[in-house]
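**Q** Mind looking over this structure? Questions follow.
The values are calculated or read from the model by the stated rules, or taken from the named source; none is laboratory data. This one's a predicted model, so the numbers in the text were calculated from it and none came from an experiment. Cβ: placed from backbone, ideal geometry, glycine included. Neighbour counts: every protein chain shown.
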Amino acid sequence: MTEENIYDVLIIGAGQAAIPLAHALAGVGMRVCLVERKHLGGSCVNFGCTPTKAALASARVAYQARRAATFGLRIPTVEVDFAGVLARAKSIVQQSRRSIKRGFENSANPQLIYGHARLEGRDEAGFLIRVEDRLLTAKQVVLDTGTRSRIPTVEGMDKVKVITAGTWLDETVLPEHVVIIGSGSTGLEMSQFYRRMGSRATVVDHNQQIAKDEDEDVAEVLQRSLAAEEIRFYLQTEVRCVETDGTNLVIKLEGHAPTEIKASHLFVATGRHPNTDDLGLETIGVEVTDKGFVKADARLSTSVQGVWVAGDIRGGPMYTHTAWDDHRVLESQIAGDGSRTTERIVPYAFFTDPELGRVALTERDARRSGKRIKVGRYEMKKNGRAAELGDTDGFIKVVIDADTDRILGASTLAIEGAELIHTIIGVMNADAPVAAIRDAIHIHPTLSEAVQSAVYSIKADE
């Protein structure tokens, strides 16, 4: 094998961990190759965070325009150009792709190669990786191939067209009525997006509440806000089969719902499947779970020494920000002192309206842990800034360890809830007592005052 095909580190998949890692390792003198099958940037750039949040921004403008009278304004009609909304989102995707690609132009290290990469065993020089008709060797390999939408096994679903998180951006015709299976972040965000664009939207989920991992009070208020926009919910309901009557999809149900719903479109948001099927992991003995996720320790090392994993296929939290932090873990392990691991505080958000920011334990889980806790809650309708902005739905909830006064977790269901949670995250990462929020001076009028007010309202468990 020629020297040009031998690398210190080869990274498969150009997601949010891979790109900064490739540049970081090359920066310390390692010879690095990044292999990508299709588009740079992973799910976030290509169909996830970037375009969905752009589309949600358009939806919010339409929503605000429709309620202009609330602000003393007159906007007689609001017309949605659905194709234009998607075109704007796509243009931002293209800008992001171009920006990432520029970082590899005329670069010998890190080197970018397009193609499908597959492991083919190892020899005395390292791991063998086939990329199309080219055979490469690497001393170390990083797997960052991401996930795809998981389609449930439902009779007839394979015979009809479904929309998923990976394909929604290609559907330029506004659905007349979209049924969404799944009430996690994707299902809820997209239900509100389509509704604000002018579609009828129905959410079906087998769980007892939407957003199953959240506290019941959080889920209840969020559902009430979405239902106020005429989004319909059928919970504790299973999709039994999907048919077509020639004009509409006929979605047959069982549970707490009608026996069937007729819809123009079906959106499936029932989770993610790891892209590990065709990586050749078995040729070197990399272990995966029964669901296909790569088994890894807190240092992101797999069962095979010299093979690392990053991003969604490592299991655990599947967020862009955790994938990006994975690159710092791997840089520490591969080229640093090995001190950084995935033992970290991971927040997340639902970009619905109101937004939900969340970190660490729910109140429910804190109570189950057996700890003595204190809980503070503050309604956004009492916050001056929320009233001025005309967005008073939701509340802030903070859960405290009664013995240490450290924050165990929090939920910020509010306008800009994804931003408000960072007030709490910073204090948690500093391992500071909740007094750091309570005794600070916050600008008035601001939304962040609501976080401080929640802390002031803390009461000990009885």
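**Q** Taking the criterion of being farther than 24 Å from Gln94 by Cβ, of a type outside the set (Gly, Ala, Ser) and surrounded by 24 or more Cβ atoms within 10 Å (Cβ to Cβ), would at least one residue in segment 40-53 satisfy it?
**A** no
**Q** Just give me the residues in segment 381-400 being assigned to a strand (DSSP E or B) and in contact (Cβ under 8 Å) with a residue 40 or more places away in the chain, in sequence order.
**A** Phe395, Ile396, Lys397, Val398, Ile400
**Q** Let me ask you something else. Would you be able to tell me the number of residues in segment 83-122 that are surrounded by fewer than 19 Cβ atoms within 10 Å (Cβ to Cβ), modelled with pLDDT of 95 or more and over 30 Å from Thr167 (Cα atoms)?
**A** The number of residues fulfilling the criteria is 3.
**Q** For segment 282-306, how many residues are touching a residue at least 60 places away in the same chain (Cβ under 8 Å) and either in contact with a Phe, Trp or Tyr (Cβ under 7 Å, 6 or more places away or on another chain) or surrounded by fewer than 19 Cβ atoms within 10 Å (Cβ to Cβ) (or both)?
**A** The total comes to 4.
**Q** Just need a number here: residues in segment 385-400 that are over 24 Å from the mean Cα position of the chain (by Cα) and β-branched (Val, Ile, Thr).
**A** 2
**Q** What are the residues in segment 172-186 that are under 16 Å from Leu253 (Cβ atoms) and either assigned to a helix (DSSP H, G or I) or of a type outside the set (A, V, I, L, M, F, W, C) (or both), if any?
**A** Step one: filter segment 172-186 for residues under 16 Å from Leu253 (Cβ atoms), giving 177-183.
Passing the criteria: His177, Gly182, Ser183.
**Q** Of the residues in segment 349-380, how many are assigned to a strand (DSSP E or B) and in contact with a helix residue (DSSP H, G or I) (Cβ under 8 Å, 6 or more places away or on another chain)? Working first, answer last.
**A** If we filter segment 349-380 for residues that are assigned to a strand (DSSP E or B), which is where we start, we get 349-350, 355-360, 373-379.
Subset that is in contact with a helix residue (DSSP H, G or I) (Cβ under 8 Å, 6 or more places away or on another chain): 349-350, 355-360, 373, 375-378.
So the count comes out to 13.
**Q** Go through the residues of segment 388-399 one by one and say whether even a single one is buried (at least 20 other Cβ atoms within 10 Å of the Cβ) and either at pLDDT below 95 or within 30 Å of Leu25 (Cβ to Cβ) (or both).
**A** No, that holds for no residue.
**Q** Related question: Got a sec? Which of Leu413, Leu420 is assigned to a helix (DSSP H, G or I) and either among the basic types (Lys, Arg) or surrounded by 20 or more Cβ atoms within 10 Å (Cβ to Cβ) (or both)? Before you say what the answer is, go through the steps one by one.
**A** Numbers: Leu413 fails: assigned to a helix (DSSP H, G or I).
Unique residue meeting the criteria: Leu420.
**Q** Quick one: what pairs do we get from segment 435-452, first residue touching a residue at least 60 places away in the same chain (Cβ under 8 Å), second of a type in the set (Gly, Ala, Ser) and surrounded by fewer than 19 Cβ atoms within 10 Å (Cβ to Cβ), C-beta under 7 Å, 6+ apart or different chains?
**A** Pro445/Gly384
The rows are residues; the columns are (1) within 20 Å of Ala18 (Cα to Cα); (2) in contact with a strand residue (DSSP E or B) (Cβ under 8 Å, 6 or more places away or on another chain); (3) hydroxyl-bearing (Ser, Thr, Tyr); (4) outside the structural domain of His206 (by TED's automatic domain parsing).
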site	(1), (2), (3), (4)
Leu279	yes, yes, no, yes
Val294	yes, yes, no, yes
Ala298	yes, no, no, yes
Thr302	yes, yes, yes, yes
Val309	yes, yes, no, yes
Met318	yes, yes, no, yes
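**Q** Pull up segment 436-452, narrow it to residues that are more than 26 Å from the chain's Cα centre (by Cα) and closer than 23 Å to Arg367 by Cβ, then point me to the one that is surrounded by the most Cβ atoms within 10 Å (Cβ to Cβ).
**A** The qualifying residue surrounded by the most Cβ atoms within 10 Å (Cβ to Cβ) is Ile437.
**Q** Can you give me the number of residues within segment 201-249 that are buried (at least 18 other Cβ atoms within 10 Å of the Cβ), under 20 Å from the mean Cα position of the chain (by Cα) and assigned to a loop (DSSP other than H, G, I, E, B)?
**A** Residues that pass the stated criteria total 6.
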